[in-house]
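Working notes for the structure below.
Readers should treat all values here as calculations from the given coordinates under stated rules, not as data from a laboratory. Note that the structure is a prediction, hence the values are computed from the model and not measured. Virtual Cβ from ideal backbone geometry, glycine too; neighbours counted across all protein chains shown.
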Amino acid sequence: MPTQPPAVPEAEVQRLATAYLEADYRWARDGDWHDIHIGLPVPGLELLHPRVRSFGLLSAWNPYSKPREESANRRADVALETELATRDLKHIPAFSSAANRSWREPGWVIFDITAAELDHLRREFGQLGALWWQRGSAVRLRMQSTRPSRFHRDAPVDWLE
C-alpha cells in the first residue's frame, strides 16, 4: 500500500478539496443509508452509539483520487476492512459519492479512532482525504496537503502539511 502521496499541484488540491466538501457521505444501518455532512454533527449516528467518543470515515478506493479498476478497489477495501478488524476497530459500511454521481466509492465509518490513527490508515491506503469528528462536534475533512492559497480559510478542513 502507498504511504507517501505523490506531489499534487495546488490547483488539483483545490479542485479535490472542493469536490470532497461537496460530496455526499452516508452511513448504513439495517439497509437504510443516513447522511453525513461535512461541517455539521451527526446526531443520529451518535444516538445509536452513545459510548463512541470519535468517528472517522475512510475508503480504500482510488488512491490519491486516481480511478482504477473495480477489482483492485475491492481488494483494497477488503484489506482495509481486515486491517480495521485486526486493530479491533469497530466499523460500519459507509458510502461517498459526487452529487452528480460521476464518482462513487464505498468505505467505512470507524468508531473510537483517533485523528492520528485515522491519518495513519489514510496514508497507508493512499487517501488524500478522510472525515473525522468527535462526539457532538462537526465533521471535518482531513487533507494530506497544505491549504491552497485561494481556498476559503473558514472551510471545515484540517490541512495536514
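Before moving on, here are some points about what is shown:
- Nonlocal amide H pairs with VAL52, under 5 Å, H built at 1.01 Å: none
- Chain lengthening between THR82 and GLU70 when straightened (0.36 nm per residue, less Cα-Cα): 2.5 nm
- Simple Cβ-charge dipole of the chain, Lys/Arg +1 and Asp/Glu -1, about Cα centre, in debye nearest 20: 180
- Residues LEU40, LEU118, LEU47, LEU84, sorted so that the one with the fewest Cβ neighbours within 10 Å comes first: LEU47, LEU40, LEU84, LEU118
- When the square roots of the Cα gyration tensor eigenvalues are ordered a ≥ b ≥ c, the ratio a/c for the chain is under 1.5, which makes its shape rounded.
- FRET E, pair SER149, GLU46, Förster distance 30 Å, beta-carbon r, rounded to 0.05: 0.25
- Extension gain (nm, one decimal) between ALA98 and GLU12, 0.36 nm per residue minus Cα-Cα: 29.3 nm
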